[in-house]
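Just so it is clear, none of the values below were taken in a lab; they were calculated from the coordinates. Model, not experiment: these values are computed from the prediction.
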Amino acid sequence: MSVVGASLPQLHLVRHGETEWSRSGRHTGRTDLPLTERGEEMARELAPFLRDTGFAFIWTSPLRRARQTCVLADLGRSAALEPELAEWDYGDYEGRTSADIRQDRPGWNIFEDGCPGGETPGQISDRADRLIGCLRTLEGDIALVSHGQFGCVLAARWIGLAVVEAQHFSLEPASLSVLGPKPGHSELPAVLRWNFVPAAQ
C-alpha cells in the first residue's frame with residue numbers, strides 16, 4: 001500500500017444505477033435491492049468513462065446495487081468491499097419518501113435531523129471522515145462505488161464543509177463525480193467534476 005506523498009489522491013465517485021426504490025424516491029439505506037434492468041444499462045454506460053483510468057484501488061459499498069454497478073461498469077469483480085461506503089442508515093424512515101416523512105414531521109431534513117433508529121448527522125460525518133482519513137494515506141486514482149446521500153456527505157466533508165451543507169449537492173443514479181486536489185494546489189481538496197451522467201448525454 002502506498003503512503004501519502006506530495007498530492008492528494010483522486011477519487012472517482014460512482015453512484016449505483018437505478019433501483020425500484022430510487023426510481024420512486026424511496027429512501028434506501030440497508031435494504032439490499034438489486035438494480036432494475038434500466039439500472040444495469042446505466043451502469044454499463046459508465047464503463048467507457050472508467051476503463052482507461054488505471055485505478056490503484058477499487059472500493060465498493062457491500063450493498064448489492066453498488067456491487068452490481070461496480071461489475072457492470074467494468075471496474076472488475078475483485079473490488080474491495082468497504083462498509084464505510086454504505087448508504088446512510090435511514091432507520092425508521094427506511095423505504096419512505098421525503099414527502100411522506102414530512103407529513104409526520106414537517107420541515108424534516110436528513111442532513112440536519114438524521115433518522116430515528118438510524119444514523120445521526122454526527123455519525124454520518126464521522127463515518128465519512130474515517131473514510132477520508134484512510135483515503136488520504138493512499139496515492140493515485142481510486143474508484144469508489146457508493147450511494148446518493150452518503151456520496152453527497154463524502155463530497156462535503158472532502159472539502160471541509162459541515163454535513164448540513166451536503167443538502168446542496170445532488171447525485172443521480174449511475175453518475176460519476178471526481179474529488180481530488182485542485183490543479184496546481186496538490187494539498188487543497190476540491191470537487192473536480194460533479195454528477196456527470198453518461199446515460200443523459
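Brief remarks follow.
- Sorted largest first, the principal axis extents computed over the alpha-carbon atoms of the chain equal 50, 36, 29 Å.
- Per-residue ellipticity at 222 nm, computed for the chain from helices alone with -39500 (n - 2.57) per DSSP H run of at least four residues, works out to -8500 deg cm²/dmol.
- When the Gaussian network model of the chain links Cα atoms closer than 10 Å, the mean-square fluctuations of ASP104, ASP126, ASP74 top out at ASP104.
- Cα gyration tensor, segment 123-177 - rounded (a/c under 1.5), prolate or oblate: oblate
- Each residue of segment 118-130 is assigned a 3J(HN,Hα), and the resulting list reads x, 8, 8, x, x, 5, 5, 5, 4, 5, 4, 5, 4 Hz, derived from the Karplus form 6.51 cos²θ - 1.76 cosθ + 1.60 (θ = phi - 60°), x at Gly and Pro.
- Full extension of the segment from ASP113 to ASP100, taken as 0.36 nm per residue of separation minus the current Cα-Cα distance, would add 3.1 nm.
- Structure remark: mean-square fluctuation, Gaussian network model of the chain, C-alpha springs under 10 Å; the largest value among SER170, SER61, SER125 belongs to SER170.
- Just checking the listed ones, LEU63, LEU33, LEU176: in the Gaussian network model of the chain with Cα springs under 10 Å, the one fluctuating most is LEU33.
- Estimated vicinal HN-Hα couplings, Hz - segment 141-148 in sequence order (Karplus 6.51, -1.76, 1.60; Gly, Pro = x): 8, 10, 8, 10, 9, 9, 9, x
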